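The values are calculated or read from the model by the stated rules, or taken from the named source; none is laboratory data. The model shown is predicted, which means the values in this text are computed figures rather than measured ones. All Cβ positions, glycine included, derive from the backbone under ideal geometry; neighbour counts span all protein chains shown.
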Amino acid sequence: MPVFSPVRRSHLVALSLAACAGCRGASVGQADAAESDLPTVTVAKPIVSDIPVTLPYTANIQAIFQAKSVPEMVSGYLTAVNIEDGQVVHKGDVIASIDKAPYQQQLQEAEERLEQARAEVKNQKLLVERYGKMLAAKLIAEQDYDNQETALEVSQAKLKHAVDALALTKVYLDYCDIRAPFTGYATERLLDPGQYISPQGPAVATVMKIDMLRVFIDVVEKDIPRIKVGQDVTIKVDAYPDRIFHGKVTFLAQAVHPTTRTMRVEADIPNADEALRPGMYAQVGIIVGEDKGAVLVPDLALAVSAQGAAVFPVREGRLARQSVEIAYDLGSFVEVKGLDAGEQIVVAGRDLAKLGERVQVVPTKLELKLSE
(Lines give C-alpha, C1' and ligand atoms only; values in the text may rest on other atoms or scores of the structure.)
Protein backbone atom coordinates (compact mmCIF):
# COMPACT_ATOMS: atom_id res chain seq x y z
CA MET A 1 0.00 0.00 0.00
CA PRO A 2 1.54 3.32 -1.00
CA VAL A 3 2.36 5.87 1.69
CA PHE A 4 1.65 9.56 1.05
CA SER A 5 3.66 12.37 2.52
CA PRO A 6 1.69 15.18 4.26
CA VAL A 7 0.17 17.46 1.62
CA ARG A 8 -2.86 19.70 1.39
CA ARG A 9 -6.19 17.86 1.30
CA SER A 10 -6.96 19.03 -2.21
CA HIS A 11 -3.64 17.62 -3.46
CA LEU A 12 -4.27 14.39 -1.60
CA VAL A 13 -7.62 13.94 -3.26
CA ALA A 14 -6.13 14.66 -6.65
CA LEU A 15 -3.34 12.10 -6.10
CA SER A 16 -5.77 9.48 -4.84
CA LEU A 17 -7.99 9.94 -7.88
CA ALA A 18 -4.99 9.65 -10.20
CA ALA A 19 -3.72 6.47 -8.46
CA CYS A 20 -7.13 4.80 -8.67
CA ALA A 21 -7.43 5.77 -12.30
CA GLY A 22 -4.03 4.18 -12.98
CA CYS A 23 -5.02 0.96 -11.20
CA ARG A 24 -8.15 0.69 -13.35
CA GLY A 25 -6.45 1.88 -16.48
CA ALA A 26 -8.83 4.84 -16.62
CA SER A 27 -8.36 7.48 -19.26
CA VAL A 28 -8.27 11.25 -18.82
CA GLY A 29 -11.75 11.34 -20.36
CA GLN A 30 -13.03 9.13 -17.56
CA ALA A 31 -11.57 11.55 -14.97
CA ASP A 32 -13.41 14.40 -16.66
CA ALA A 33 -16.61 12.34 -16.53
CA ALA A 34 -16.11 11.82 -12.79
CA GLU A 35 -15.72 15.56 -12.34
CA SER A 36 -19.01 16.17 -14.14
CA ASP A 37 -20.75 13.84 -11.69
CA LEU A 38 -20.14 16.28 -8.82
CA PRO A 39 -23.22 18.04 -7.40
CA THR A 40 -23.94 21.27 -9.24
CA VAL A 41 -24.86 24.39 -7.30
CA THR A 42 -25.63 27.92 -8.44
CA VAL A 43 -23.56 30.58 -6.71
CA ALA A 44 -23.52 34.37 -6.60
CA LYS A 45 -21.85 37.16 -4.71
CA PRO A 46 -23.94 39.03 -2.14
CA ILE A 47 -25.32 42.41 -3.17
CA VAL A 48 -23.89 45.48 -1.47
CA SER A 49 -26.40 48.32 -1.46
CA ASP A 50 -27.74 51.25 0.52
CA ILE A 51 -31.17 50.25 1.82
CA PRO A 52 -33.90 52.03 3.77
CA VAL A 53 -34.22 51.09 7.42
CA THR A 54 -37.88 50.31 8.04
CA LEU A 55 -39.81 49.58 11.22
CA PRO A 56 -42.43 46.90 10.46
CA TYR A 57 -45.96 47.15 11.85
CA THR A 58 -49.46 46.05 10.97
CA ALA A 59 -52.59 48.18 10.81
CA ASN A 60 -56.07 48.47 9.35
CA ILE A 61 -56.67 50.96 6.57
CA GLN A 62 -59.38 53.48 7.38
CA ALA A 63 -61.15 56.32 5.64
CA ILE A 64 -60.16 59.82 6.71
CA PHE A 65 -63.46 61.31 5.57
CA GLN A 66 -66.41 59.23 6.72
CA ALA A 67 -69.83 60.62 7.52
CA LYS A 68 -73.04 59.19 8.90
CA SER A 69 -75.78 60.97 6.99
CA VAL A 70 -78.34 62.20 9.51
CA PRO A 71 -80.57 65.30 9.44
CA GLU A 72 -78.85 68.21 11.13
CA MET A 73 -81.81 70.10 12.57
CA VAL A 74 -85.07 68.37 11.64
CA SER A 75 -86.95 65.16 12.31
CA GLY A 76 -89.61 63.35 10.35
CA TYR A 77 -90.57 60.45 8.15
CA LEU A 78 -88.45 59.69 5.09
CA THR A 79 -90.24 60.21 1.80
CA ALA A 80 -87.30 59.14 -0.41
CA VAL A 81 -83.90 57.42 -0.19
CA ASN A 82 -81.97 58.04 -3.41
CA ILE A 83 -78.88 55.83 -3.03
CA GLU A 84 -77.84 52.19 -3.00
CA ASP A 85 -74.81 50.54 -1.40
CA GLY A 86 -71.62 51.27 -3.32
CA GLN A 87 -73.09 54.13 -5.33
CA VAL A 88 -70.93 57.15 -6.17
CA VAL A 89 -72.31 60.36 -4.70
CA HIS A 90 -71.17 63.92 -5.30
CA LYS A 91 -71.02 66.75 -2.82
CA GLY A 92 -74.47 68.26 -2.49
CA ASP A 93 -76.38 65.34 -3.98
CA VAL A 94 -79.69 64.67 -2.19
CA ILE A 95 -79.25 61.32 -0.46
CA ALA A 96 -82.69 61.24 1.15
CA SER A 97 -85.67 63.51 1.84
CA ILE A 98 -87.83 64.03 4.93
CA ASP A 99 -91.54 64.85 4.65
CA LYS A 100 -91.61 68.61 4.09
CA ALA A 101 -95.31 69.23 4.72
CA PRO A 102 -94.94 70.20 8.42
CA TYR A 103 -92.08 72.57 7.63
CA GLN A 104 -93.89 74.11 4.67
CA GLN A 105 -96.78 74.84 7.06
CA GLN A 106 -94.35 76.44 9.48
CA LEU A 107 -92.94 78.51 6.64
CA GLN A 108 -96.37 79.78 5.68
CA GLU A 109 -97.15 80.72 9.29
CA ALA A 110 -93.80 82.49 9.65
CA GLU A 111 -94.46 84.52 6.50
CA GLU A 112 -97.88 85.59 7.88
CA ARG A 113 -96.35 86.63 11.21
CA LEU A 114 -93.75 88.64 9.33
CA GLU A 115 -96.41 90.53 7.40
CA GLN A 116 -98.27 91.26 10.62
CA ALA A 117 -95.09 92.52 12.27
CA ARG A 118 -94.35 94.80 9.33
CA ALA A 119 -97.86 96.24 9.45
CA GLU A 120 -97.53 96.81 13.20
CA VAL A 121 -94.25 98.67 12.77
CA LYS A 122 -95.78 100.82 10.03
CA ASN A 123 -98.73 101.68 12.25
CA GLN A 124 -96.54 102.47 15.26
CA LYS A 125 -94.39 104.82 13.17
CA LEU A 126 -97.50 106.74 12.12
CA LEU A 127 -98.60 107.00 15.74
CA VAL A 128 -95.19 108.27 16.83
CA GLU A 129 -95.35 110.90 14.11
CA ARG A 130 -98.87 111.96 15.21
CA TYR A 131 -97.92 112.02 18.89
CA GLY A 132 -94.95 114.18 18.03
CA LYS A 133 -97.21 116.81 16.47
CA MET A 134 -99.61 116.66 19.43
CA LEU A 135 -96.71 117.07 21.85
CA ALA A 136 -95.49 120.11 19.93
CA ALA A 137 -98.99 121.63 20.24
CA LYS A 138 -98.97 120.80 23.95
CA LEU A 139 -102.06 118.63 23.52
CA ILE A 140 -100.49 115.60 25.28
CA ALA A 141 -97.99 115.05 28.00
CA GLU A 142 -94.40 114.15 27.15
CA GLN A 143 -94.91 110.83 28.91
CA ASP A 144 -97.56 109.85 26.36
CA TYR A 145 -95.12 110.51 23.53
CA ASP A 146 -92.41 108.46 25.26
CA ASN A 147 -94.83 105.58 25.72
CA GLN A 148 -95.61 105.61 22.01
CA GLU A 149 -91.93 105.55 21.09
CA THR A 150 -91.52 102.55 23.37
CA ALA A 151 -94.41 100.82 21.61
CA LEU A 152 -92.63 101.43 18.27
CA GLU A 153 -89.42 99.89 19.59
CA VAL A 154 -91.33 96.84 20.77
CA SER A 155 -92.97 96.39 17.38
CA GLN A 156 -89.59 96.76 15.63
CA ALA A 157 -88.15 94.04 17.90
CA LYS A 158 -91.07 91.79 17.01
CA LEU A 159 -90.38 92.45 13.33
CA LYS A 160 -86.73 91.43 13.70
CA HIS A 161 -87.80 88.28 15.51
CA ALA A 162 -90.28 87.48 12.72
CA VAL A 163 -87.54 87.96 10.07
CA ASP A 164 -85.20 85.64 11.96
CA ALA A 165 -87.94 83.08 12.50
CA LEU A 166 -88.76 83.03 8.78
CA ALA A 167 -85.08 82.55 7.89
CA LEU A 168 -84.79 79.67 10.38
CA THR A 169 -87.93 78.04 9.00
CA LYS A 170 -86.40 78.18 5.51
CA VAL A 171 -83.28 76.49 6.89
CA TYR A 172 -85.41 73.76 8.44
CA LEU A 173 -87.16 73.24 5.13
CA ASP A 174 -83.83 73.04 3.29
CA TYR A 175 -82.51 70.51 5.80
CA CYS A 176 -85.37 68.18 4.92
CA ASP A 177 -83.10 67.22 2.01
CA ILE A 178 -80.18 65.22 3.41
CA ARG A 179 -77.19 65.90 1.16
CA ALA A 180 -73.82 64.24 0.62
CA PRO A 181 -71.18 66.19 2.57
CA PHE A 182 -68.46 65.36 0.03
CA THR A 183 -67.85 63.33 -3.09
CA GLY A 184 -67.37 59.66 -2.29
CA TYR A 185 -69.19 56.37 -2.00
CA ALA A 186 -72.38 55.44 -0.20
CA THR A 187 -70.93 52.41 1.54
CA GLU A 188 -74.00 51.53 3.60
CA ARG A 189 -77.72 52.29 3.21
CA LEU A 190 -79.40 51.91 6.58
CA LEU A 191 -82.96 53.28 6.28
CA ASP A 192 -85.84 53.15 3.80
CA PRO A 193 -88.74 55.48 2.95
CA GLY A 194 -91.40 55.59 5.66
CA GLN A 195 -88.95 55.24 8.55
CA TYR A 196 -88.62 57.99 11.14
CA ILE A 197 -85.31 59.84 11.32
CA SER A 198 -83.90 62.47 13.64
CA PRO A 199 -80.52 64.05 14.47
CA GLN A 200 -80.25 61.68 17.44
CA GLY A 201 -81.46 58.60 15.58
CA PRO A 202 -79.77 56.17 13.17
CA ALA A 203 -78.19 57.47 9.97
CA VAL A 204 -79.83 56.97 6.61
CA ALA A 205 -76.46 56.01 5.06
CA THR A 206 -72.69 56.08 5.46
CA VAL A 207 -70.61 58.07 2.97
CA MET A 208 -66.85 57.59 2.59
CA LYS A 209 -64.18 59.44 0.66
CA ILE A 210 -61.38 57.03 -0.30
CA ASP A 211 -58.96 58.97 -2.52
CA MET A 212 -56.95 59.61 0.66
CA LEU A 213 -56.81 56.95 3.38
CA ARG A 214 -55.18 56.62 6.78
CA VAL A 215 -53.57 53.97 8.96
CA PHE A 216 -53.34 54.13 12.74
CA ILE A 217 -50.13 52.50 13.99
CA ASP A 218 -49.51 51.60 17.62
CA VAL A 219 -45.75 52.06 17.96
CA VAL A 220 -43.89 50.33 20.80
CA GLU A 221 -41.84 52.42 23.23
CA LYS A 222 -38.41 51.48 21.90
CA ASP A 223 -39.29 52.75 18.41
CA ILE A 224 -40.87 56.05 19.47
CA PRO A 225 -37.62 58.12 19.39
CA ARG A 226 -37.02 57.10 15.76
CA ILE A 227 -40.36 58.29 14.38
CA LYS A 228 -41.09 61.84 13.18
CA VAL A 229 -43.84 63.58 11.28
CA GLY A 230 -43.07 63.62 7.55
CA GLN A 231 -41.29 60.24 7.40
CA ASP A 232 -42.13 58.00 4.46
CA VAL A 233 -44.32 54.96 5.00
CA THR A 234 -44.77 51.87 2.82
CA ILE A 235 -48.02 49.92 2.69
CA LYS A 236 -48.56 46.35 1.46
CA VAL A 237 -51.86 44.48 1.32
CA ASP A 238 -52.68 40.90 0.38
CA ALA A 239 -54.91 42.07 -2.46
CA TYR A 240 -51.87 43.45 -4.33
CA PRO A 241 -48.88 41.26 -3.37
CA ASP A 242 -46.59 42.79 -6.00
CA ARG A 243 -47.40 46.43 -5.25
CA ILE A 244 -46.19 48.83 -2.58
CA PHE A 245 -48.19 51.94 -1.71
CA HIS A 246 -46.59 55.01 -0.19
CA GLY A 247 -47.66 57.53 2.41
CA LYS A 248 -46.30 59.83 5.11
CA VAL A 249 -46.47 60.08 8.87
CA THR A 250 -48.85 62.96 9.63
CA PHE A 251 -49.47 62.77 13.38
CA LEU A 252 -47.88 61.55 16.61
CA ALA A 253 -50.02 61.26 19.73
CA GLN A 254 -47.05 62.37 21.89
CA ALA A 255 -48.30 60.20 24.76
CA VAL A 256 -47.84 56.52 25.57
CA HIS A 257 -50.90 54.47 26.41
CA PRO A 258 -50.45 53.29 30.03
CA THR A 259 -51.84 49.80 29.34
CA THR A 260 -50.35 48.85 25.98
CA ARG A 261 -47.18 50.96 26.34
CA THR A 262 -47.59 52.08 22.74
CA MET A 263 -48.04 55.47 21.09
CA ARG A 264 -50.59 56.13 18.35
CA VAL A 265 -49.06 57.24 15.03
CA GLU A 266 -51.11 58.23 11.98
CA ALA A 267 -50.00 58.02 8.36
CA ASP A 268 -51.96 59.23 5.34
CA ILE A 269 -51.91 57.31 2.05
CA PRO A 270 -52.81 58.89 -1.31
CA ASN A 271 -55.18 56.54 -3.13
CA ALA A 272 -55.96 58.33 -6.39
CA ASP A 273 -56.72 55.11 -8.30
CA GLU A 274 -58.84 53.88 -5.36
CA ALA A 275 -57.07 50.51 -5.34
CA LEU A 276 -57.05 50.42 -1.55
CA ARG A 277 -60.25 50.08 0.45
CA PRO A 278 -61.08 50.99 4.04
CA GLY A 279 -60.93 47.92 6.26
CA MET A 280 -58.02 46.25 4.44
CA TYR A 281 -55.34 44.70 6.65
CA ALA A 282 -51.97 46.26 5.87
CA GLN A 283 -48.30 45.58 6.49
CA VAL A 284 -46.83 48.99 7.28
CA GLY A 285 -43.17 50.00 7.12
CA ILE A 286 -42.07 53.29 8.69
CA ILE A 287 -38.83 54.36 7.01
CA VAL A 288 -36.61 55.83 9.74
CA GLY A 289 -33.22 55.97 8.01
CA GLU A 290 -30.81 54.33 5.57
CA ASP A 291 -28.27 51.54 6.02
CA LYS A 292 -25.17 52.28 3.95
CA GLY A 293 -23.32 49.41 2.28
CA ALA A 294 -25.61 46.66 3.50
CA VAL A 295 -24.65 43.08 2.54
CA LEU A 296 -27.74 41.38 1.12
CA VAL A 297 -28.39 37.73 0.30
CA PRO A 298 -31.53 36.07 -1.09
CA ASP A 299 -33.77 34.67 1.60
CA LEU A 300 -33.60 31.28 -0.17
CA ALA A 301 -29.82 31.24 0.40
CA LEU A 302 -30.29 31.56 4.15
CA ALA A 303 -30.79 28.68 6.57
CA VAL A 304 -32.07 29.25 10.09
CA SER A 305 -31.78 26.55 12.75
CA ALA A 306 -31.24 26.15 16.46
CA GLN A 307 -27.56 26.96 15.81
CA GLY A 308 -28.52 30.30 14.27
CA ALA A 309 -28.60 31.68 10.75
CA ALA A 310 -26.10 30.66 8.09
CA VAL A 311 -25.26 30.86 4.40
CA PHE A 312 -23.25 28.38 2.37
CA PRO A 313 -20.25 29.67 0.45
CA VAL A 314 -18.15 27.56 -1.89
CA ARG A 315 -14.50 27.72 -0.84
CA GLU A 316 -11.77 25.98 -2.82
CA GLY A 317 -14.41 24.01 -4.66
CA ARG A 318 -16.10 22.67 -1.54
CA LEU A 319 -19.37 23.51 0.21
CA ALA A 320 -18.84 25.41 3.46
CA ARG A 321 -21.06 26.95 6.15
CA GLN A 322 -20.80 30.55 7.34
CA SER A 323 -22.74 31.74 10.37
CA VAL A 324 -24.33 35.16 9.93
CA GLU A 325 -26.52 37.55 11.89
CA ILE A 326 -29.78 38.67 10.34
CA ALA A 327 -29.86 42.46 10.51
CA TYR A 328 -32.94 43.27 8.47
CA ASP A 329 -35.52 41.37 6.44
CA LEU A 330 -36.43 42.95 3.08
CA GLY A 331 -38.67 40.09 2.06
CA SER A 332 -36.97 38.39 -0.89
CA PHE A 333 -33.57 39.61 0.37
CA VAL A 334 -32.09 39.68 3.86
CA GLU A 335 -29.37 41.96 5.19
CA VAL A 336 -26.76 39.94 7.09
CA LYS A 337 -23.74 40.69 9.24
CA GLY A 338 -20.61 38.56 9.39
CA LEU A 339 -20.31 37.71 5.69
CA ASP A 340 -17.54 38.85 3.34
CA ALA A 341 -19.15 40.56 0.37
CA GLY A 342 -16.66 38.81 -1.92
CA GLU A 343 -17.82 35.29 -1.03
CA GLN A 344 -19.58 33.11 -3.60
CA ILE A 345 -22.63 31.77 -1.77
CA VAL A 346 -24.98 29.02 -2.90
CA VAL A 347 -28.31 30.42 -4.07
CA ALA A 348 -29.70 27.19 -5.56
CA GLY A 349 -28.93 23.45 -5.28
CA ARG A 350 -27.72 23.48 -1.67
CA ASP A 351 -29.61 20.28 -0.86
CA LEU A 352 -27.63 18.37 -3.51
CA ALA A 353 -24.35 18.46 -1.60
CA LYS A 354 -23.04 17.89 1.91
CA LEU A 355 -20.76 20.19 3.88
CA GLY A 356 -17.16 19.70 2.80
CA GLU A 357 -18.15 17.95 -0.42
CA ARG A 358 -16.69 19.07 -3.73
CA VAL A 359 -19.18 20.75 -6.00
CA GLN A 360 -19.45 22.19 -9.46
CA VAL A 361 -20.48 25.83 -9.51
CA VAL A 362 -22.63 27.74 -11.94
CA PRO A 363 -22.11 31.47 -11.38
CA THR A 364 -25.03 33.86 -11.60
CA LYS A 365 -25.63 37.51 -10.73
CA LEU A 366 -28.17 38.70 -8.22
CA GLU A 367 -30.42 41.67 -8.86
CA LEU A 368 -32.02 43.68 -6.08
CA LYS A 369 -35.24 45.43 -6.98
CA LEU A 370 -36.49 47.68 -4.23
CA SER A 371 -40.10 48.52 -5.01
CA GLU A 372 -40.76 52.13 -5.90
Legend entry - Evaluation of residue 140 against (1) assigned to a helix (DSSP H, G or I); (2) surrounded by 15 or more Cβ atoms within 10 Å (Cβ to Cβ) (one fails), failing number: (1)
Legend entry - Odd one out for residue 155, checked against (1) surrounded by 13 or more Cβ atoms within 10 Å (Cβ to Cβ); (2) in contact with a strand residue (DSSP E or B) (Cβ under 8 Å, 6 or more places away or on another chain); (3) among the small types (Gly, Ala, Ser): (2)
Inset, instruction - Could you tell me whether region 159-180 includes any residue that is under 30 Å from residue 276 (Cα atoms) and over 28 Å from the mean Cα position of the chain (by Cα)? - result: yes
Legend entry - Tabulated pairs, region 137-152, first farther than 27 Å from residue 116 by Cα and assigned by TED's automatic domain parsing to the domain that holds residue 119, second of a type in the set (Phe, Trp, Tyr) and in a helix (DSSP H, G or I), C-beta under 8 angstrom, 6+ apart or interchain: 140/131
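Taking region 75-102 as the search range and keeping residues that are over 14 Å from residue 194 (Cβ atoms) and among the acidic types (Asp, Glu), which one is surrounded by the most Cβ atoms within 10 Å (Cβ to Cβ)? Even if it seems obvious, please write down each step before you answer.
Pass one, region 75-102, residues over 14 Å from residue 194 (Cβ atoms): 75, 82-95, 100-102.
Now drop any that are not among the acidic types (Asp, Glu), which leaves 84-85, 93.
Working: 84: 9, 85: 12, 93: 17.
Among residues in region 75-102 that are over 14 Å from residue 194 (Cβ atoms) and among the acidic types (Asp, Glu), the one surrounded by the most Cβ atoms within 10 Å (Cβ to Cβ) is 93.
Have a look at 172, 185 and point out the one that is among the aromatic types (Phe, Trp, Tyr) and assigned to a helix (DSSP H, G or I).
Values: 185 fails: assigned to a helix (DSSP H, G or I).
Checking each option against the conditions leaves just 172.
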Legend entry - Index of the failed condition, residue 238 passing every other in (1) surrounded by 12 or more Cβ atoms within 10 Å (Cβ to Cβ); (2) more than 12 Å from the chain's Cα centre (by Cα): (1)
Inset, instruction - Check off (1) modelled with pLDDT of 95 or more; (2) under 30 Å from residue 87 (Cα atoms); (3) among the polar types (S, T, N, Q) for residue 116 and give me the number that stays unchecked. - result: (2)
Inset, instruction - Of the conditions (1) in contact (Cβ under 8 Å) with a residue 12 or more places away in the chain; (2) surrounded by fewer than 17 Cβ atoms within 10 Å (Cβ to Cβ), residue 217 clears all except one; give me its number. - result: (2)
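Only one residue in 304, 314, 284, 297 is hydrophobic (A, V, I, L, M, F, W, C) and surrounded by fewer than 16 Cβ atoms within 10 Å (Cβ to Cβ), so which one is that? Spell out how you get there, then give the answer.
Values: 314 fails: surrounded by fewer than 16 Cβ atoms within 10 Å (Cβ to Cβ); 284 fails: surrounded by fewer than 16 Cβ atoms within 10 Å (Cβ to Cβ); 297 fails: surrounded by fewer than 16 Cβ atoms within 10 Å (Cβ to Cβ).
On inspection, the qualifying residue turns out to be 304.
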